[in-house]
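Engineer: Structure provided below as structure tokens; questions to follow.
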Amino acid sequence: MSENRFYITTPIYYPSDKLHIGHAYTTTVADALARWHKFTGKDVYFLTGSDEHGQKIQRIAKEKNVTPKEYVDDIVATFTNLWQRLNIEYDDFVRTTDRRHYLAVQEVFRRIYEKGDIYKSTYQGWYCTPCESFWVETKLEDGNCPDCDRKVELVEEESYFFKLSKYADRLLKHIEDHPEFIQPESRRKEMINFIKSGLDDLCVSRTTFDWGIPVPIDDKHVIYVWFDALTNYLTGVGFPNNQEMLDKWWPADIHLVGKEIMRFHTIIWPIILFALDQPLPTTVFGHGWLLSDSDKMSKSKGNVVDPHALIDEFGVDPIRYFLLREISFGQDGNFNRRALIERTNADLANDLGNLLNRTLAMLNKYFDGVIPSPSGSESIDNQLIQLAGDTVTKLSAQINGLAVNEGLATVWQLVSRANKYIDECAPWVLAKEEATKGRLGTVMYNLFETQRIVTLLIKSFLPETGERIWQQLGISDSIATQTLKHTQWGGLQPGTITQKGDPIFPRIEIDTEQVSKIEPVKQTSEPKPKTNINENVIGIEDFSRVKLVVGKIIEAEKMQDADKLLKLQVDVGSGTRQIVAGIAKHYNPADLPGKNILIVANLKPAKLRGELSEGMLLAASTKDGKLELVSVSDKITPGSLVK
Ligand code: ME8
């Protein structure tokens, strides 16, 4: 493996539903790492994708009365849309329904079968369909899946088996000889114990459904979905036909996964690779879970956070920053709005944003916005310069050690130091005397040079912010051309003309309304009305004539020749209604399906631009005039009456 290339992967997610913030977490970390390694000068390959076969998907498609392929095509489009919105720069996206993947999986199966490591027998045991995993009776907990605690099903069918047990000792030795293989350490111990407790041969084919890749030697069977899915890491780098690509990229440097799928990645996958005579990935990192009120976020529990809604509300980089900075990488972490707002305000609006605003305002006032030449240096300057250099070294080591959150904390220490440097050097005092104008120039240069370095250091994590600050710094070379070597002190050219722009992160005001969305507001006495409620008062009987119900948007599309209107299909419990709404300027139709909204259900139907509209959506304007749909928790089912 060359030192100068870096191959990173995410899990390929199930299109069993739309992705939530937990999936966005893994992919954002992988994206930041990929960008960082590119920034350090490496040749990088970043792979993601979708895991589309298996019993779970086939069942969901059947429930929805569509073919599995129709079903996954729709959901996978929402995956790529989310990655685009989150600024995820992947190199390839493997869909397990791709032809190239079909060929790769069949080739893996064929090679292992021909080697004698796959044999036919009968499987009798338990199966967890949500996890797509087999369990022997003794591993069940209270009769349920030990991983997700859901019901398992008894399965008895003819199957092909893969000789996992044959390779158990070799795998243990590999894990012991390569401490970097399973990270973090706690998961390594867990996996060692699991292997030591004995490995059973793995059932690698199914016959009771057909949504999968057929076994090449026996098309009554489809290949087990995890055997199929894990192979994507080889498909994405050219296996089996593009040997040159495979030689360049395989083995992967990092498979980044959530802790619940470590077993598949550190036991089944390495043994498949042993059987194929392929080298093992350098590291499988199992990160912790995003929790919602200390419980794992998952669709089935109804406690997931929709990343689209967060991006709409806060923008992309506050979300990326929160995920990367707030959660100790490897540990579980809580996701909540209050913490997100506080992080954004403290680190992005105050520390980073104010540093730029203050310094640009001073530079405009004292030097017409042009970067002055530094002259001489005092010990306080040397400390700042030293810290900037140390920050680069420390951050590089932390990112190489996958301590992403600590790495960002390191950069923010430099940001804080720069803010303190302003207060200590007091440029406004230096500006009073002509005699200290030279010193003022040095101070201003140092502040901008620090910000140039900070911007380069954060651009992998916050790409949009990097671009925006760079633009305000006025540096003519594109930020995309900058690499780690450009973080040496002194790169900023005196004479550079800065460009003051809008604050990069306006402070988010937490008003009472927002707080109440975050946590219940305790009221000790009757609240006093803020507005004059006597105006246009109506009685309860008037209100009760309006039938407000919860609806779930199923489809949204633009209307021809009506640039303000969208045509929506909305599930209102008793069926689907078509509603034409004037929200086209405020919403991208692709972002609407899945949203739970409020509608006036007993409004007289009307025709708008020739289309029937049977109801009205409720929406309100934000301060800057953007129309936002009134949204309702996912827990409330379509058709529920608002009372
Ligand atoms: O397991 N917190 O797909 P999946 C953090 N198709 N990360 C989370 C999370 C949470 N609450 N919820 C999900 C599969 N994730 C298989 C993978 S790979 C060959 C096949 C992230 O859709 C995390 O990365 O269930 C987790 O491992 C993955 O999504 C599971 O996604």
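The values are calculated or read from the model by the stated rules, or taken from the named source; none is laboratory data. Computed from a predicted model, the values in this text were never measured in an experiment. All Cβ positions, glycine included, derive from the backbone under ideal geometry; neighbour counts span all protein chains shown. With ligands, DNA and RNA removed, areas are computed over all heavy atoms of the protein, side chains included. Shrake-Rupley method; radii C 1.70, N 1.55, O 1.52, S 1.80 Å.
Engineer: What size of dipole, in debye to the nearest 20, comes out for the chain about its Cα centre when the only charges are +1 on Lys and Arg C-beta atoms and -1 on Asp and Glu C-beta atoms?
Structural biologist: Values: 76 positive and 88 negative charges, 198 e Å.
It works out to roughly 960 debye.
Engineer: Which sequence of 365, 626, 220 reflects their accessible areas, 1.4 Å probe, from the largest down? List each step's numbers first, then the result.
Structural biologist: Working: 365 155, 626 65, 220 130 Å².
Result of the area sort, largest leading: 365, 220, 626.
Engineer: Quick check: at a probe of 1.4 Å, how many percent of the accessible area of the chain sits on carbon and sulfur atoms?
Structural biologist: Of the solvent-accessible surface of the chain, carbon and sulfur hold 48 percent.
Engineer: Further, regarding this structure: With a 1.4 Å probe and every protein chain left in place, tell me how much accessible area residue 197 has, in Å² to the nearest 10.
Structural biologist: 80
Engineer: Return the subset of 567/626; 459/564; 69/558; 173/259 for which the Cα-Cα distance in this structure is over 28 Å, preserving the input order.
Structural biologist: Values: 567/626 19 Å; 459/564 36 Å; 69/558 25 Å; 173/259 22 Å.
Flagged as over cut-off: 459/564.
Engineer: Pick out, from 621, 316, 291, the residue whose Cα sits farthest towards the positive end of the charge dipole of the chain, with +1 on the Cβ of Lys and Arg and -1 on the Cβ of Asp and Glu.
Structural biologist: So the residue furthest toward the plus end is 621.
Engineer: Give the cross-link partners of residue 552 among the aspartates and glutamates, using a straight C-alpha distance below 16 Å as the criterion and excluding same-chain residues fewer than 8 apart.
Structural biologist: Cross-link targets: 17, 306, 571, 591, 614, 628, 634.
Engineer: In what order, largest first, do 561, 43 sit by accessible area if the probe radius is 1.4 Å?
Structural biologist: Details: 561 135, 43 65 Å².
The ordering from most to least exposed comes out as 561, 43.
Engineer: Okay, moving on. If you plug each phi of the range 577-582 into the Karplus form 6.51 cos²θ - 1.76 cosθ + 1.60 with θ = phi - 60°, what whole-Hz ³J(HN,Hα) values come out, in order, with x for Gly and Pro?
Structural biologist: 10, 8, 10, 9, 10, x
Engineer: Quick check for me: using +1 on Lys/Arg Cβ and -1 on Asp/Glu Cβ, what's the dipole size of the range 345-487 about its Cα centre, in debye to the nearest 20? Mind showing how you got there, number by number?
Structural biologist: Details: 12 positive and 15 negative charges, 16 e Å.
The dipole magnitude comes to about 80 debye.
Engineer: Give the shape of the range 5-287 as rounded, prolate or oblate, defined through the alpha-carbon gyration tensor: a ≥ b ≥ c are the square roots of its eigenvalues, a/c under 1.5 means rounded, and otherwise the shape is prolate if a/b is larger than b/c and oblate if not.
Structural biologist: On the way: a/c = 1.37, a/b = 1.15, b/c = 1.19.
The shape class here is rounded.
Engineer: Cα centroid distance between the range 337-352 and the range 562-603, in Å?
Structural biologist: Answer, in whole Å: 33.
Engineer: Based solely on its DSSP helices, what 222 nm [θ] is calculated for the chain when runs of n ≥ 4 H residues each add -39,500 (n - 2.57) and the sum is averaged over all residues, nearest 500 deg cm²/dmol? If you can, show how the numbers build up before the last one.
Structural biologist: Working: 21 runs with 242 residues, N = 643.
-11500 deg cm²/dmol, from helical runs alone.
Engineer: Relative to the present Cα-Cα distance, how much length would full extension add between residue 386 and residue 153 at 0.36 nm per residue of separation? Show your work: numbers first, answer last.
Structural biologist: Numbers: separation 233, 0.36 × 233 = 83.88 nm, distance 6.20 nm.
Contour length minus Cα-Cα distance gives 77.7 nm.
Engineer: On to the next question. Between the range 128-183 and the range 454-478, how many Å separate their Cα centres?
Structural biologist: When both Cα centres are located, 46 Å separates them.
Engineer: With every protein chain left in place and a probe of 1.4 Å, what is the accessible surface of residue 120, to the nearest 10 Å²?
Structural biologist: Estimated to the nearest 10 Å², residue 120 gives 100 Å².
Engineer: For the pair residue 17 and residue 548, what calculated FRET efficiency results from E = 1/(1 + (r/R0)^6), where r is the Cβ-Cβ distance and R0 = 30 Å, to the nearest 0.05? Working shown, then result.
Structural biologist: Numbers: r = 27 Å, r/R0 = 0.89.
Once the sixth-power term is evaluated, E becomes 0.65.
Engineer: Calculate the spin-label point distance for residue 436 paired with residue 172, positioning each point 7 Å from the Cα along the beta-carbon direction, and give it in nanometres.
Structural biologist: Computed distance between label sites residue 172 and residue 436 equals 7.1 nm.
Engineer: Right, here's the next one. Once the dipole of the range 540-642 is set up with Lys and Arg at +1 and Asp and Glu at -1 on Cβ about the Cα centre, which of 587, 602, 639 lies farthest towards its positive end?
Structural biologist: 602
Engineer: Projecting each Cα onto the charge dipole of the chain (Lys/Arg +1, Asp/Glu -1 at the beta carbon, about the Cα centre), which of 441, 194, 487 comes out farthest on the positive side?
Structural biologist: Of the options given, the answer is 441.
Engineer: How big is the accessible area of residue 114 in square angstrom, nearest 10, if you roll a 1.4 angstrom probe over the protein chains?
Structural biologist: 140
Engineer: I would also like to ask the following. Which far-off residues, 5 or more places away or on another chain, put their amide H under 5 Å from the one on residue 608, with H placed in the peptide plane?
Structural biologist: Excluding prolines and chain starts, which carry no amide H, the hits are 613.
Engineer: Using a Förster radius of 25 Å, what is the FRET efficiency between residue 368 and residue 507 based on their Cβ-Cβ separation? Nearest 0.05, please. Please report the intermediate quantities before stating the final value.
Structural biologist: On the way: r = 28 Å, r/R0 = 1.13.
After rounding, the FRET efficiency stands at 0.35.
Engineer: Given the Cα-Cα distance of residue 628 and residue 81 and 0.36 nm per residue of separation, how much length would full extension add, in nm?
Structural biologist: Values: separation 547, 0.36 × 547 = 196.92 nm, distance 2.00 nm.
Gain in length upon complete extension: 194.9 nm.
Engineer: So, for the range 540-642, what is the accessible surface per residue at a probe of 1.4 Å, expressed in square angstrom?
Structural biologist: Ligands and nucleic acids excluded, the figure is 58 Å² per residue.
Engineer: Sort 69, 296 from largest to smallest accessible area, using a 1.4 Å probe on the heavy atoms of the protein chains. Walk me through the numbers before you get to the answer.
Structural biologist: Numbers: 69 80, 296 55 Å².
In descending accessible area the options line up as 69, 296.
Engineer: Taking a ≥ b ≥ c as the square roots of the Cα gyration tensor eigenvalues, with a/c under 1.5 meaning rounded and otherwise prolate when a/b beats b/c, else oblate, which class fits the range 243-291? Let's see the in-between values first.
Structural biologist: Values: a/c = 3.72, a/b = 1.76, b/c = 2.12.
Oblate shape, in that a/c is at least 1.5 and b/c is the bigger or equal ratio.
Engineer: Solvent-accessible area per residue for the range 345-487 at a 1.4 Å probe radius, Å²?
Structural biologist: Numbers: 5560 Å² over 143 residues.
For the range 345-487, the per-residue accessible area is 39 Å².
Engineer: By the gyration tensor of its Cα atoms, with a ≥ b ≥ c the square roots of the eigenvalues, what is the shape of the chain: rounded for a/c under 1.5, prolate for a/b over b/c, or oblate?
Structural biologist: On the way: a/c = 2.14, a/b = 1.18, b/c = 1.81.
Because a/c hits 1.5 or more and a/b fails to exceed b/c, the chain counts as oblate.
Engineer: Ignoring ligands, DNA and RNA, what accessible area per residue does the range 5-287 give at 1.4 Å, in Å²?
Structural biologist: 38
Engineer: Can I ask one more? Mind checking the range 412-445 for trypsin sites (Lys or Arg not before Pro) that DSSP puts in a loop (not H, G, I, E or B) and that have at most 13 other Cβ atoms within 10 Å? Let's see the in-between values first.
Structural biologist: Working: sites: 417, 420, 432, 437, 439; in loops: 432.
Qualifying residues, ordered by number: 432.
Engineer: Put a dot 7 Å past each Cα toward the Cβ at residue 604 and residue 4; how far apart are the dots in nm?
Structural biologist: 7.5
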